[in-house]
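Just so it is clear, none of the values below were taken in a lab; they were calculated from the coordinates. Just so it is clear, the structure is predicted and the values come from calculations on it, not from any experiment. So basically every Cβ, Gly included, is an ideal-geometry build from the backbone, and we count neighbours across all protein chains shown.
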Amino acid sequence: MEPTRLMLTLLGLILGLWIMTRFVRFIPNNRIGVVEKRLGPHLRQGLIALNGEAGFQPKVLRGGIHLVIPLNHVVHIAELVTIPQGKMGYAFARDGVPLQPSQALGSNSKANDFQDVDHFLRNDGQRGPQRLVLRAGTYAVNLAQFVVITEEKVYFLPLSPVDEGIIQNMAAEIAARDGFHPIVIKDSDDMIGIVTVHDGPSLPPGELIAPIVGSDIHDPERYHNNFQDADRFLWAGGMRGRQLQVLAEGTYFINRLFATVEKIPKTVVEVGQVGVVVSYTGEASSDLSGEDYKHGELVVKGCRGVWSTPLLPGKYGFNTYAGKVHLVPTTNIILKWNRTEVGAHRFDENLSEISLITKDAFEPHLPLSVVVHIDYRKAPLVIQRFGDIKRLVEQTLDPMVSAYFKNVGQTRTLIQLLQDRNVIQQIAGQEMKEKFARYNLELEEVLIGTPGSSPGDNKIEHILTQLRSRQIAQEQIETYAQQEKASQKERELREAEARARQQQALTESELSITVHANQGKAEYQNSLQKAAQIRALAEADAAKVRIMAEGEADKVRTMAEAEADKMHRMAEAEADKVHRMGEAEADRMRRMGEAEADKSARIGVAQAIAIEEQVRSYGGPQFQVIQQTMSRFAEAVQQSRVDVVPKIVFGGGQGQSGSPNLIEGLLSLLLSDQMSRQLKSIETPSPRPPEIEALRETLRNQVTM
């Protein structure tokens with residue numbers, strides 16, 4: 001009994017566990033359960049079963065333990081959708097009302113709760129990408145009905161193999177538009193946002209910019225909060241396309257599938273400028289320019305056309321796609337007709353000097369400066385008429401000013417053009433002021449420069465050089481005339497001064513004559529007494545000086561005689577010294593000469609004795625004479641280039657063998673004759689001088705010793 005009961009208990013426990021595993025599901029608190037019913041009627045056409053039909057159920061199971069019927073219900077565990085702070089998530093509905101042909105995104109005006117699928121579908125929620133975005137937070141979303149795309153992850157329940165590819169393409173498109181982050185426009189960047197809406201009805205034909213709608217905060221139903229509420233924007237009458245309304249500084253959570261934003265700089269009108277607006281959009285307006293103005297119409301602010309009221313200095317969030325702002329300077333504009341100079345506004349960068357033809361056929365180039373002012377209230381008229389200021393300068397003012405000064409140049413010669421510059425400038429300022437007023441401009445001043453010649457033409461410089469020379473000559477004449485007048489006046493002044501000085505002297509002399517006459521008489525007697533006294537003193541001083549002079553003269557004479565005697569003795573001693581030195585030097589030179597002569601004589605005698613001994617050793621004087629004769633004969637034959645061996649031999653009466661020839665005879669005769677003469681001279685030598693003989697004997701004795 002007990003084993004059977006134990007077995008039944010175990011079977012009961014196993015059955016209970018099986019029932020619990022099949023009928024009970026546990027869902028963690030960070031997960032949800034999507035219920036899929038397999039058995040039941042199929043009454044509704046769609047993915048979600050709103051009335052208990054078979055299919056995915058609208059409500060999800062939150063964390064906890066839930067009882068389910070096995071085999072009929074399947075619970076798919078899915079994650080909670082989490083959107084980080086400062087980011088956005090996009091929802092894609094798989095079930096709902098189809099989109100209208102003019103729609104790109106599903107409307108959420110009533111079905112605005114993605115966590116309540118039943119409410120979404122029963123309030124005409126539309127399938128497809130939704131206009132409403134999910135802000136930061138955690139959401140329990142039925143992932144069978146909605147696909148939620150975030151930057152970090154895509155939340156969805158896979159239903160078919162192609163779902164994942166479609167969803168990933170949508171996520172890539174949103175990321176390309178930076179759609180997961182809000183639009184931030186910083187005040188430090190001075191930027192505005194231009195909005196382009198991609199959903200809603202199209203613009204009417206001819207319109208480029210969608211007008212501003214639903215921006216009145218007093219009407220909450222129409223206030224779309226700067227395109228962040230797409231349904232209210234469209235309900236207020238908003239249309240797709242680029243919007244006239246711009247976004248200022250701030251942070252905007254705008255669905256990038258609904259609208260994209262382009263940042264552009266603000267329009268800045270500096271001080272000294274106004275901005276003339278040409279609007280490309282707006283309603284038609286009546287003409288405000290007046291009946292006399294035939295060049296266009298001016299409209300009120302906000303209408304299409306040129307606004308009659310310009311923008312004053314400041315910063316404006318102006319949509320440059322809806323119009324254009326022409327900046328017009330209200331300060332003085334300096335236009336320079338000079339190719340080397342450009343004004344501050346650079347409206348004259350294409351202007352050059354005006355080419356003139358004067359009355360005397362010169363062709364100078366005239367530089368010119370014109371100061372113009374534009375009244376800020378007339379700036380719209382100028383823009384309406386000319387389009388912009390540079391076009392006004394190049395197409396109107398340049399031809400007008402050039403023609404005026406060409407006409408002026410033809411009525412004057414070059415010299416008159418140079419000399420009458422101030423007059424021409426004043427007349428031009430007066431006459432051209434009326435012409436400028438026709439174009440709604442105020443002419444302040446006309447400034448004429450110095451005419452110049454074209455490159456390579458120096459005729460004008462020659463004229464200017466002649467004028468300068470003429471002016472210098474005139475100035476010199478005037479200078480000389482003034483100098484002449486000055487010298488004449490100076491001479492008259494000097495004469496008057498001399499006359500005045502002489503008059504004073506005459507007066508003083510007349511008074512002094514009387515004074516000196518009385519003083520002279522008194523001084524005469526006094527001078528006689530002083531003269532006698534001085535005479536006596538002078539005689540005494542003269543005697544004293546004479547005595548002192550005589551003593552001094554004797555002293556000087558004595559010293560001079562002593563000095564002269566000393567100098568005489570020194571001179572005699574010096575002369576005697578020089579004489580003695582001269583005699584010593586002469587004696588030395590004489591002795592050296594005698595020694596040198598004796599040396600030369602001795603050397604000559606020694607050489608003679610040596611030669612004589614050599615002659616004696618060679619066989620005597622006869623042999624020496626023969627040797628010298630033969631040497632001289634050989635030298636003569638060599639110098640005369642006579643053949644020693646004759647080429648032709650002349651024979652005598654005897655035969656050729658043993659018979660002497662002519663050369664041999666001549667040589668024999670010559671040698672015999674020379675020999676006889678030398679021998680005679682040797683045999684009878686000339687007598688030697690006795691001094692030589694004595695020297696020879698002395699040398700022989702010295703050699704023998």
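Restriction of the trypsin sites (Lys or Arg not before Pro) in the stretch 94-144 to DSSP coil positions whose beta-carbon has at most 14 other beta-carbons within 10 angstrom yields Lys110, Arg135. Phi angles of the stretch 330-336 translate, via the Karplus equation with coefficients 6.51, -1.76, 1.60 and θ = phi - 60°, into HN-Hα couplings of 9, 7, 5, 9, 9, 9, 10 Hz per residue; Gly and Pro are given as x.
Going through the cross-link list Lys378/Lys406; Lys87/Lys153; Lys324/Lys390; Lys336/Lys435; Lys359/Lys406, which pairs have a Cα-Cα distance over 22 Å in this structure? From the list (Lys378/Lys406; Lys87/Lys153; Lys324/Lys390; Lys336/Lys435; Lys359/Lys406), the Cα-Cα distance tops 22 Å for Lys378/Lys406. About the centre of its Cα atoms, the stretch 331-448 shows a dipole size close to 260 debye [charges on the beta carbon of Lys, Arg (+1) and Asp, Glu (-1) only; nearest 20 debye]. In terms of its alpha-carbon gyration tensor, the stretch 331-448 comes out prolate; a/c meets the 1.5 threshold, and the first ratio a/b outweighs b/c.
Residue-wise HN-Hα couplings along the stretch 392-408, as the Karplus relation 6.51 cos²θ - 1.76 cosθ + 1.60 with θ = phi - 60° gives them from phi, are 4, 5, 6, 9, 10, 5, 4, x, 5, 5, 4, 5, 4, 6, 5, 5, 5 Hz; Gly and Pro carry x.
When only alpha carbons are used to place a centre, the stretch 101-156 and the stretch 377-403 end up 59 Å from one another. Charge dipole (Cα centre; +1 on Lys/Arg Cβ, -1 on Asp/Glu Cβ; no other charges) of the stretch 267-327 amounts to roughly 280 debye. Between the listed residues Phe156, Gln103, Leu80, the Cα displaced farthest toward the positive end of the dipole of the stretch 13-176, a dipole computed from Cβ unit charges relative to the Cα centre, is found at Leu80. Residues whose amide H falls under 5 Å from that of Gln126, counting only those 5 or more places apart or on a different chain, are Val97, Ser107, with hydrogens built in the peptide plane.
Based on the Cβ-Cβ distance from Asp375 to Glu297, what FRET efficiency comes out when R0 is 22 Å, to the nearest 0.05?
Values: r = 19 Å, r/R0 = 0.88.
The calculated FRET efficiency here is 0.70.
Per-residue 3J(HN,Hα) values for the stretch 68-82, derived from phi via the Karplus relation 6.51 cos²θ - 1.76 cosθ + 1.60 with θ = phi - 60°, read 9, 8, x, 6, 10, 10, 10, 9, 9, 7, 9, 7, 6, 7, 10 Hz in sequence order (x marks Gly and Pro).
Annotation note: trypsin sites (Lys or Arg not before Pro) in the stretch 251-332 located in DSSP loop regions with a Cβ neighbour count of at most 10 within 10 Å are Lys294.
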